[in-house]
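Report on the structure given below.
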Amino acid sequence: MHHLSLKAIANKLTKKEISAVELIQYFLDRINTHDKTLNSFVTVCEEQALQQAHAVDQLRNKKKLPYYAGIPIAQKDIFCTQGIKTSCGSKMLDNFIPPYNATVIEKFNQAGFITIGKTNMDEFAMGSSNESSFYGAVKNPWNITKVPGGSSGGSSAAIAARLAPVATGTDTGGSIRQPAALCNLTGLKPTYGRVSRYGMIAFASSLDQGGPMAKTAEDAAIMLNIMAGHDAKDSTCANNAVPDYTANLENPIKGLKIGLPKEYFSAQLDSNVAKQIEQVIQTYKNAGAEFIEISLPSSELAISAYYIIAPAEASSNLSRYDGVRYGYRCEDPKDLTDMYERSRSEGFGSEVKRRIIVGTYALSAGYYDAYYIKAQKIRRVIRDEFLTALNKVDVILSPTTPNTAFNIGEKVNVPVSMYLSDIYTIAVNLAGLPAISAPAGFINGLPLGFQLIGKHFAESTLLNAVHQYQKLTDWHTQSPEQYA
Amino acid sequence: MTTVNQETIKKVAHLARLKINDEESKTTAAAITEVLNLVEKINTANVEDVHPLANPLDNNLTPRADAVSESNQREALLLLAPSSEAGLYLVPQVIE
């Protein structure tokens, strides 16, 4: 049951081979058995989920329900859920129970999905290892001494251990793709503006984008069909038509032009990673794809520009946590300034404070032009280089990460080393492009991912290319033995 | 190479309304110095004539009509407040 695709589960529910209550209870039992070790959930919605499942079973006898009604989904704890704690991995929001749903949550509810729990994450999505969460580190189901990636590490660990069939993630610099890669999953960061950010707690608003995390491209396509679309409540949400992302999955990819950026395949690339990616390239060649070398000359500036722009936006966004309207307030403040300063210092963890300080510094008088404006100029150069390359090719291929999962604790006190683990994913967010990570095989028993980057709003091309790859390979069907 | 001292960190932390003690300002100064040296690489780029990019899709904003769309949720919202009274947020005295 826990290895099945969304379609296969929906089929069983429709044929009444299993009830929604049985299905939810099945996954709740798996969570109870395994999540003490993994720590992938901040909140398990046992009571609400079973109630909703019961309602689905009752209604199914009376009327036709949406096709996926009754299927459990794990929601990243960054999406506001009405009546369910939404912590964003922070002590600051440990007591926050939103009075409304994020648009993404609303859309999954309308499609009949049942929120089985809220997944752990790096605090305010700032991290690549899920170690900065107030609720503790999440373990990688492939090896519990390793990180599951971040910031959507709870979502990736939960799917990898088959505690939920699918989950949502958000991606500001790689936070869907990197954990998907480190946990042997398929994760898609849509084009900036493709999915509404309403009710998705803000980190860096010009980079943040919600997206699907799943076992396969087919499941991710089904999820994106639900998630994508214009939302009047988010003025940055794109207003162009949403195609059926499942419609083109079966198209042959003969003639697909794939670009290989020479900067991403330099001598510094780990030889084991290179070997694995070479196999991916070979599989695509066998399917008739054409490879073309391309150049993204400014890619080495992407991390620098990102670590100015993202903290600058974060310092502004996180100024809303003031201990007045919601969230954490310190004990016995002696005056207003003391209340602001202590509430924020006690409520935020060290990585979040570090980024607020970097952002405030970059935006302060005397440094604004030298850091923030310059980074935004480089952002345009990076985006335009991608657009030029994507005039010649349909998609761009790269590893998702420089290595497989690292050890828990290995990079926690070396922020810059942590930042460098996002070297292949960050530029995509600066350019607002869609990109997908999919399983590329294993190195010493740990999964590795490859990334395909597409043109703005060309999610269908990415999903089609990965679906075809997954018909020729079986990496994505493998799961960790302990959770078989 | 940029070096940020503890005094600057304390000043910036106050601007961001974060309280940090001497020990924290020392470790934070070291960490921020490291981050600033990472981002320093932007100075190798000649982008003088390039226009800054704030939104990767340029002008794709779709503002909604400026009309009331939400009902009054004062009570529900005040329930989230750490402290409130008579329909208002309570904070420490602002004016002495």
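Fully extending the segment from A:Glu22 to A:Leu387 would add 126.5 nm, taking 0.36 nm per residue of separation and subtracting the current Cα-Cα distance.
Scan region A:250-297 for GluC sites (Glu not before Pro) in coil per DSSP, keeping those whose Cβ has at most 11 other Cβ atoms within 10 Å, and list them by number. Walk me through the numbers before you get to the answer.
Details: sites: A:Glu250, A:Glu263, A:Glu278, A:Glu290, A:Glu293; in loops: A:Glu250.
Listed in order of number, the matching sites are A:Glu250.
Figure legend: label point modelled 7 angstrom from the Cα of A:Lys257 along Cα→Cβ; residues of region A:365-391 with amide N under 15 Å from it are A:386-391. Given R0 = 56 Å, the distance between the Cβ atoms of A:Glu331 and A:Ala267 translates into a calculated FRET efficiency of 0.50. Estimated from helices alone, the mean residue ellipticity of chain B at 222 nm is -10500 deg cm²/dmol (sum of -39500 (n - 2.57) over DSSP H runs with n ≥ 4, per residue).
On the basis of the beta-carbon distance and an R0 of 35 Å, A:Glu410 and B:Thr3 show a calculated FRET efficiency of 0.85. Positive-end ranking of A:Asn130, A:Ala160, A:Gly174 along the dipole of region A:113-247, with charges on Cβ about the Cα centre, is headed by A:Ala160.
Which percent, to the nearest 5, of DSSP beta bridges fully inside the protein assembly as shown are antiparallel? The answer is about 70 percent antiparallel.
Under the definition of Cα pairs under 8 Å and six or more residues apart, what whole-number percent is the relative contact order of region A:379-447? Walk me through the intermediate numbers first.
Working: 40 pairs, mean separation 29.2, N = 69.
After rounding, I find 42 percent.
A Förster distance of 41 Å, applied to the separation of the beta-carbon atoms of B:Asp22 and B:Tyr89, puts the FRET efficiency at 0.80.
Label-to-label distance for A:Lys471 and A:Asp94 is 5.1 nm, based on points extended 7 Å past Cα in the beta-carbon direction.
Over region A:58-164, the Kirkwood radius and the radius of gyration, each from Cα atoms, give a ratio Rg/Rh of 1.04.
Each Cα pair under 8 Å and six or more residues apart adds its separation to the average, and for chain B the resulting relative contact order is 18 percent.
The reciprocal of the average 1/r between distinct C-alpha atoms defines the Kirkwood hydrodynamic radius, which for the protein assembly as shown equals 24.1 Å. Our summary gives chain A a relative contact order of 18 percent, counting only alpha carbon pairs under 8 angstrom and 6 or more residues apart. Using the charge dipole of region A:310-401 (Lys, Arg: +1 at Cβ; Asp, Glu: -1 at Cβ; taken about the Cα centre), state which of A:Leu318, A:Val395, A:Tyr371 has its Cα farthest towards the positive end. Value computed over the given set: A:Val395.
What do you get for GluC sites (Glu not before Pro) in region A:14-58 restricted to DSSP loop and a cutoff of at most 14 other Cβ within 10 Å of the site's Cβ? Intermediate results must be reported in sequence, preceding the final value.
Numbers: sites: A:Glu17, A:Glu22, A:Glu46, A:Glu47; in loops: A:Glu17.
Passing sites in region A:14-58 are A:Glu17.
Against the longest principal axis of chain B, how steep is helix B:22-39, in degrees 0 to 90 to the nearest 10, with axes from Cα atoms? Approximately 70 degrees, to the nearest ten.
Can you give the calculated 222 nm mean residue ellipticity of chain A, where each DSSP H run of n ≥ 4 adds -39,500 (n - 2.57) and the sum is split over every residue, rounded to the nearest 500 deg cm²/dmol?
That calculation yields -11500 deg cm²/dmol at 222 nm.
Distance between the modelled labels on B:Asn55 and A:Ser235, one decimal in nanometres: 0.8 nm (7 Å Cα→Cβ projection).
The Cα trace of chain B gives Rg and Dmax of 22.3, 58 Å, the first to one decimal, the second as a whole number. Mean-square fluctuation check for chain B, GNM, Cα pairs under 10 Å: which of B:Glu48, B:Glu75, B:Glu23 is largest? Maximum fluctuation in the GNM of chain B, among the listed residues, is at B:Glu75. Using the Kyte-Doolittle scale, find the helices of chain A whose mean hydropathy is at least 0.0 and whose Cα atoms extend 18 Å or more along the helix's long axis, counting only whole DSSP H runs. In chain A, the long hydrophobic H runs are A:302-317, A:350-363.
Values quoted throughout were computed directly from the atomic coordinates according to the rules given, and no laboratory measurement underlies them. The model shown is predicted, which means the values in this text are computed figures rather than measured ones. Cβ coordinates were reconstructed from backbone atoms using ideal geometry, including for glycine residues, and neighbour counts include every protein chain displayed.
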